[in-house]
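*Asks:* Take this structure first; my questions come after.
The values are calculated or read from the model by the stated rules, or taken from the named source; none is laboratory data. Keep in mind the model is a prediction, meaning the values are calculated, not measured. Ideal geometry is used to build each Cβ from the backbone, glycine not excepted, and the neighbour counts take in all protein chains shown.
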Amino acid sequence: DVKVTQSSRYLVKRTGEKVFLECVQDMDHENMFWYRQDPGLGLRLIYFSYDVKMKEKGDIPEGYSVSREKKERFSLILESASTNQTSMYLCASSLRGLGRNTEAFFGQGTRLTVV
Amino acid sequence: SQQGEEDPQALSIQEGENATMNCSYKTSINNLQWYRQNSGRGLVHLILIRSNEREKHSGRLRVTLDTSKKSSSLLITASRAADTASYFCATWPPHTGGFKTIFGAGTRLFVKA
C-alpha cells in the first residue's frame, strides 16, 4: 500500500519559532509537494521538488523554505513562525509528468497552530 | 493562483440521490483529476481524465470533460452518507512542465442519511 507520511497530525508552536514539517514517501516518486490549505482558498502550492536537492517555488513561498536531501523525504521549514502561517499543511508526491499518470498521493495533513 | 473553480461551493442531498459537481478551468490541460477529502484529512485521488477523453467511469463515479468549454463535471450516483466529503478538481497544465497540479477551492458535499 502506497504511503505518504507526515510527521505530525497536530502541532502548536510559538511565534518566532523555527518549525520543521517532515514528509516521507515510499513510492520512489520523483516529485514532492508542500501545499497549505485554508478555508475557501483551496490548496495553494508552497514549494515543490522534482529531484533530490532540487526545489522550485510555488505560488506562496514567502516565509518558507524546503529541503530534499533524500528522494523519499521532503521537509518544509518555517524560518520564523507567524500567526498567519496557522493552517493545514499537506504533503504530496507523484511520478514525474509529461505523458505519465500524474495523480498525487497525499499525506494525512498537519494542522499547525502558531500562537 | 487557482485555475480550477468548483461549482457549487456546497451541496446537500438525500442518500440515494445523485450529486453533480462542476469544475471550470482557464488554460489548456494535459489531464484533469478529481480528488476527495474527508474532514481534516489528506486528499485521495478518485479519477483522472485525459484531455483527449470525453467521459470516464469508475464505479459510481462518472466524469465528463469538455475542453472547448474548459469544464468538467463529476457525477456521484446513488449517493451514500459515506460520500460526505469535499471534492476538488485539479488540472495539470502543460506549461508547468509536469510539475504542478493546480487545485480549485472544492465543493463540500453533505449526504443526509
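*Asks:* What pairs come out if I take residues in the range B:82-111 that are on the phi > 0 side of the Ramachandran plot and of a type outside the set (A, V, I, L, M, F, W, C) and pair them with residues that are part of a strand (DSSP E or B) and modelled with pLDDT under 90 whose C-beta lies under 7 Å away, six or more apart or interchain?
*Replies:* B:Gly106/A:Gly42; B:Gly106/B:Glu6
*Asks:* Sort out for me the strands (runs of 3 or more DSSP E) sitting completely within the range B:1-90 that have 2 or more residues that are within 14 Å of chain A (Cβ to nearest Cβ) and among the acidic types (Asp, Glu). So that I can check it myself, show each step before the final result.
*Replies:* Details: elements: B:5-7, B:10-14, B:19-24, B:31-37, B:43-50, B:55-58, B:61-66, B:71-76.
Of the strands (runs of 3 or more DSSP E) lying wholly inside the range B:1-90, those with at least 2 residues that are within 14 Å of chain A (Cβ to nearest Cβ) and among the acidic types (Asp, Glu) span B:5-7.
Let's see how each residue does on (1) more than 13 Å from the chain's Cα centre (by Cα); (2) over 22 Å from A:Arg36 (Cα atoms):
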residue: B:Ile49; (1), (2): no, yes
residue: B:Ser68; (1), (2): yes, yes
residue: B:Thr77; (1), (2): yes, yes
residue: B:Thr107; (1), (2): no, no
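*Asks:* If you check B:Gln9 against the conditions, is it within 15 Å of the chain's Cα centre (by Cα) and either loosely packed, with under 12 Cβ neighbours inside 10 Å or not charged (D, E, K, R) (or both)? Don't jump to the end; show me each part of the working.
*Replies:* Working: within 15 Å of the chain's Cα centre (by Cα): yes; either loosely packed, with under 12 Cβ neighbours inside 10 Å or not charged (D, E, K, R) (or both): yes.
Judged against the criteria, B:Gln9 is a match.
*Asks:* Is it the case that some residue within the range A:4-11 is buried (at least 17 other Cβ atoms within 10 Å of the Cβ), in contact (Cβ under 8 Å) with a residue 12 or more places away in the chain and basic (Lys, Arg)?
*Replies:* No, every residue in the range A:4-11 fails to be buried (at least 17 other Cβ atoms within 10 Å of the Cβ), in contact (Cβ under 8 Å) with a residue 12 or more places away in the chain and basic (Lys, Arg).
*Asks:* If we keep just the residues of the range A:52-94 that are away from chain B (no Cβ under 14 Å), of a type in the set (Gly, Ala, Ser) and in contact with a Lys or Arg (Cβ under 9 Å, 6 or more places away or on another chain), which is farthest from A:Val4 (Cα to Cα)?
*Replies:* Residue satisfying both the conditions and the ranking: A:Ser80.
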